[in-house]
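Read the figures in this text as sums done on the coordinates, not as results from a lab. It should be emphasised that the depicted structure is a prediction, and the values quoted were computed from it without experimental measurement. Because the Cβ atoms are built from the backbone with ideal geometry, glycine has one as well, and the counts that use them run over all protein chains shown.
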Amino acid sequence: MKKIKATVVIMLLTWSLSSCGILNLFSDTDNNTSNQAPYPVNGPEQNPEFQAYTSSDQYFQLEIAEVNGEKDPDGDTVYFRSSSFGSYDSDMQLNENTGLVTIAGDPLFAGPESGTVVVDFWTEDEHGNDSADQAYTVTFTFKST
């Protein structure tokens, strides 16, 4: 009998707290199902060519397609994401905040090597929603002179 009374008291207390909004103070607000994905990535071109075997750093700037000056329909913080740079992982780096792809040079003119790598870029907001289904594909080509 005591177990039944305790269960009823807990149920009434839960109903009472939720009906006056107190229980909502402890709920997870990041599970907002109405949150939309950020706008997709775009850039200056999709087939850039870069110098292979150079000592100087090279750059490729990505952007986010803004609507009314916003990068996300909900005003969330947005980050740049990418697929792997493949065999160029040690030569290429994406700044997730600015969208700047840095292709590192080497003082001994050793990298990056001649070749091609295809990379997909997308955006992701602070809640994990992304624009991966609208990925911006770039084919980076590295040529020696």
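Quick notes on this one:
- The calculated FRET efficiency for the pair T98 and Q134, based on their C-beta separation and a Förster distance of 25 Å, comes to about 0.80.
- Amide H contacts of A52 (H built 1.01 Å from N, under 5 Å, at least 5 apart or other chain): K143, S144, T145
- Residue exposure sequence - T102, T54 - by fewest surrounding Cβ within 10 Å: T102, T54
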